[in-house]
There are 2 protein chains.
Amino acid sequence: MTDTGAEKTTAGAFCALGDWGTSNFRLWVVDRAGNVLGRRQSDEGLLACADGRFTAVLESHLAALGASADLPVAITGMAGARTGWREAPYVETPAPLDALYKEAVAPAGVTRPVFILPGVCQRTTGPFDVMRGEETQLAGAVESGLADGIFCLPGTHSKWVELKGGKIAAFRTVMTGELFDLLSRQSILKHSIGDDLAFTADDRGFSDGVTEALADGFALSAHLFSIRAAGLLGGDAPKPAARLSGMLIGAEIAATRTFLPQGMTVHLVGSARLTALYGRALEIAGTQSRLLDGEELVRKGLFAAACSLFQSSEVSR
Amino acid sequence: MTDTGAEKTTAGAFCALGDWGTSNFRLWVVDRAGNVLGRRQSDEGLLACADGRFTAVLESHLAALGASADLPVAITGMAGARTGWREAPYVETPAPLDALYKEAVAPAGVTRPVFILPGVCQRTTGPFDVMRGEETQLAGAVESGLADGIFCLPGTHSKWVELKGGKIAAFRTVMTGELFDLLSRQSILKHSIGDDLAFTADDRGFSDGVTEALADGFALSAHLFSIRAAGLLGGDAPKPAARLSGMLIGAEIAATRTFLPQGMTVHLVGSARLTALYGRALEIAGTQSRLLDGEELVRKGLFAAACSLFQSSEVSR
C-alpha cells in the first residue's frame, strides 16, 4: 500500500479514479490534466467487500489521500457486478468505448458523487461473454489513439478483443489461467508437476507446449494426459509445468484464429510474467506483439469517463 | 459386496481373476470353461492398499469364496503400477493382446501362484500414453472375435483405442471425466452450475454442447466461459451441467477425428450412464456405436491369460 501524502493530493485534485477488481482495489487522485497526485492499492477487492464494506473502504482510502469530502469518484470493475456495490448493466457489443460514462450508475449511501462504469457483454457477435474492467483499459487504449486493433489481456480469464473504430466489435474470454491452476494443482497431472511450478518463457517445455498446441489436429483434452504419460515413461521429458502452460497458451492463440482477423499486431496488456509468456507464444505463432501498460490504460479510460461525468459539475475543488 | 457361497466355488474351480483398479477391487473364481463360480467386489482399490495390504486383501476375498490355498490368480489393473503391488512393465504399442500373459509378473509374499498382467504404453504411435486394465478388456474383445475396430472406454480418463489384427495399434487418453469434475465443482463455472449436476443424454443442453464442440473452429478453453456468461446474461440458457458435459464429450469425439480412422462403428465399454451419453454424442456426430459389457470383457481377457499361465500347471484343483 502506498500513500504519496495528503497535502499533495488536496491541492489541484479534480477527481479520484478507482479500479475495483475481484481481488484488488486501486485508487488514484488526479488533477484536471489526469496527472496522478496520489495513489492507493490494497487487497480489498470485491471478495473482501461482499459484506457491504464498499463505502467504508473507498472513504478510508480517500481520507488517507487527504481527498476533500466532495471529490467525485469514477470506478470500474467488479464493484459494478450484480454481487458488487451496485449493478451497472452491461453495454452490448459493438460497444462504443468513448460512451461508457453514459451508462454509469451511482451507488447509494455515499455523500460524494460516485459513478460506477458498466461492463460489456456479447450476445450476438460471438458466444455469450462478459467483461468488467477490461473495457475501461480498452477505453484508455482508444484515448491513446488505438481505436482499431487486436488486444490480448491475459489472466485467470484471458480476454481477446477486437477494436474497430473505437468500439469493442467482438471479444472472447479464454479460461487459460484457471485451467492451468486446476490442472497443475488438482488433476492427475499434479503427480508429474509436483511443486515445481517455476519456469520461464525460455524453457524448452514452454515452447514445446506452444508448438504442440499450434499444430493441426491439436485438441486440448486429448493432449493433456501425455504430460502425465511422459513423466511415467521417463526419458528426456521437458518440465511438465512449462509444457502445460505452453499447451494452454498455445491452444488459446490457436483458438483466436477462428474468431479474430489474423496477421495483425497483438497489443498485450497484463503482468510482466504473463505478457512475457504470451509474447513468446505469439512469436512462435509468427505474430507480432506490443506491450501496453495496463495501469496507465485503466487510468486513461477512467479519466476520460470522469471528464465527461464531472466536467460540468459545479463542485469546486 | 456379494458372495455366492464358498461350497459352490471350491468344486471345479480353475483359477481366480482379479481386476484391481485405482478405487475398486473385483474378483471372480471361474471353472475351466470360464464360468463364474463366485464373485467379490469392494472399494479396496490401489488407493486403499497403498500401504501394502495387497496380499491380505486378496486372501481375505479368496477365503470368503472358499478358494483352496493353491488356487492360482491372474490380476489386471493398477496392482501392476509402480505404486502398486509389483510393477508389471508396460508392453509397447503395437501391443499383441493375446500375449499379455508373457509379460506378467509374480508379486512376492504370496504362497499361491499370482500373476499381474502388464499395462500398455505408447511411445511412437501417437503422443506418450499409458493404460492399465483397459488392455485386458480389449484382450477380452479379441477373444470375442473383435480383433479389429475402434473402442471407446469412457471414464475419468477416457481411452480411445484402435485394434488391428488383435493388437492395440494406437490409443489416446482424454481427460474428459476429470475435466468435468474440476470445471463443474471448482472453476468459475460452478457459480452457474451450482449443485444441479443431474441431467441425461436427452437434455437439450447436452446435445447443444455436443453440437457446439463438433462444429468447425471449436476450441475447448475458448468456449467454456460462455457457459458462465449465458448464466449471467439470462434468457433461455440450457442446463449448464448438461452443456458442459456435452461440450467435453463432443470435444473428445471431435479430437478422435485427428487420430482415428472415421466411419467405423465405435465399440463402447463403460457404465450405463457414460455409455448412454457417449452413444448419444456419437449419434449426433453421425457415428454408429455398439455397447459391450465391460465386466464380461475383463473376465474374458483375464481368463485367456490365465489359461496360458496356468494350463500346464500341475496343481490340481
Number of the condition not met by B:ALA63 [criteria: (1) small (Gly, Ala, Ser); (2) surrounded by fewer than 24 Cβ atoms within 10 Å (Cβ to Cβ); (3) at pLDDT 95 or above; (4) part of a loop (DSSP other than H, G, I, E, B)]: (4)
Test: residue in region B:256-266 that is at pLDDT 95 or above, over 23 Å from the mean Cα position of the chain (by Cα) and aliphatic (A, V, I, L, M): no
Long-range neighbours under 8 Å by Cβ, at least six apart or interchain, first residue over 25 Å from A:LYS300 (Cα atoms) within region A:36-59, second assigned to a loop (DSSP other than H, G, I, E, B) and acidic (Asp, Glu): A:ARG53/A:GLU44
Breaking point among (1) more than 12 Å from chain B (Cβ to nearest Cβ); (2) more than 29 Å from B:THR83 (Cα to Cα); (3) among the acidic types (Asp, Glu), for A:GLU252: (1)
Selected residue [surrounded by fewer than 19 Cβ atoms within 10 Å (Cβ to Cβ), over 20 Å from A:GLY155 (Cα atoms), more than 8 Å from every other protein chain (Cβ to nearest Cβ) and touching a residue at least 60 places away in the same chain (Cβ under 8 Å)] from A:THR200, A:THR211: A:THR211
Test result for B:PHE225, buried (at least 21 other Cβ atoms within 10 Å of the Cβ), farther than 26 Å from B:GLU103 by Cβ and either within 14 Å of chain A (Cβ to nearest Cβ) or of a type outside the set (A, V, I, L, M) (or both): yes
Odd one out for B:ALA74 among (1) touching a residue at least 40 places away in the same chain (Cβ under 8 Å); (2) among the small types (Gly, Ala, Ser); (3) part of a loop (DSSP other than H, G, I, E, B): (3)
Only one of A:LEU163, A:LEU183 that is in contact (Cβ under 8 Å) with a residue 12 or more places away in the chain, more than 14 Å from every other protein chain (Cβ to nearest Cβ) and aliphatic (A, V, I, L, M): A:LEU163
Selection status of B:GLY119, modelled with pLDDT of 95 or more, crowded, with 21+ Cβ neighbours inside 10 Å, within 20 Å of B:ASN24 (Cα to Cα) and within 11 Å of chain A (Cβ to nearest Cβ): yes
Helices (runs of 4 or more DSSP H) fully within region A:199-317 counting 2 or more residues that are out of contact with any strand residue (DSSP E or B) (no Cβ under 6 Å at 6 or more places or on another chain) and among the polar types (S, T, N, Q): A:204-214
Extreme residue, surrounded by the fewest Cβ atoms within 10 Å (Cβ to Cβ), among residues of region A:122-148 that are within 24 Å of B:SER192 (Cβ to Cβ) and more than 14 Å from chain B (Cβ to nearest Cβ): A:GLY133
Qualifying residue in region A:38-56 (condition: in a helix (DSSP H, G or I), over 29 Å from A:GLY145 (Cβ atoms) and of a type in the set (Phe, Trp, Tyr)): yes
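The values are calculated or read from the model by the stated rules, or taken from the named source; none is laboratory data. From a predicted model like this one, the values you see are computed outputs, not experimental measurements. Backbone-built Cβ (ideal geometry, glycine too); neighbour counts: all protein chains shown.
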